[in-house]
Amino acid sequence: MTKSMFGDQKLMPTLIHYRTRCIGCNVCSEQDPIHWQISADDAKATLKGGITKGAVTICKISEIDKELSLHIAHNCPMRIIKVQD
């Protein structure tokens, strides 16, 4: 088990989205509407609850959501979704 500097709290996986290259295919939002939505402004995917730094949005996810997120990242045609432990 991975420990953080806060004691026994396990580090959560991180979902990473490179939004500028998104083509709005809806793969992510159709499979996981809890974490993803399509923007009405530009028809690109938006990672809900994430923190945007420059062109990258990151969001902590639970271990339960990790498998689905890995599946979505694999199926993204632009390969702009990553999952890190």
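Just so it is clear, none of the values below were taken in a lab; they were calculated from the coordinates. Just so it is clear, the model here is predicted, and its values are computed rather than measured. Because the Cβ atoms are built from the backbone with ideal geometry, glycine has one as well, and the counts that use them run over all protein chains shown.
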Most mobile of Lys66, Lys53, Lys44 in a GNM of the chain (Cα contacts under 10 Å): Lys53
Computed over the range 14-84, the relative contact order (Cα-Cα under 8 Å, seq sep at least six) in percent reads 43
What is the fewest-to-most order of Ser62, Ser39, Ser69, Ser29 by other Cβ atoms lying within 10 Å of their Cβ? Ser62, Ser39, Ser29, Ser69
Taking R0 as 25 Å, what FRET efficiency do you get between Thr20 and His71 from their Cβ-Cβ distance, rounded to the nearest 0.05? 0.65
Given backbone amide H placed at 1.01 Å from N, residues whose amide H is under 5 Å from that of Lys44, ignoring those fewer than 5 places away on the same chain, are Ser39
Using alpha-carbon coordinates, inclination of helix 63-75 to the longest axis of the chain, degrees: 40
Tell me, what ³J(HN,Hα) does each residue in the range 41-57 have, in order and in whole Hz, if you take phi through Karplus 6.51 cos²θ - 1.76 cosθ + 1.60 with θ = phi - 60° and put x for Gly and Pro? 6, 10, 6, 9, 5, 10, 7, 5, x, x, 10, 9, 10, x, 9, 10, 10
How are the C-alpha pair distances of the chain spread across 10 Å bins, as whole percents from the shortest bin up? 18, 52, 22, 8, 0
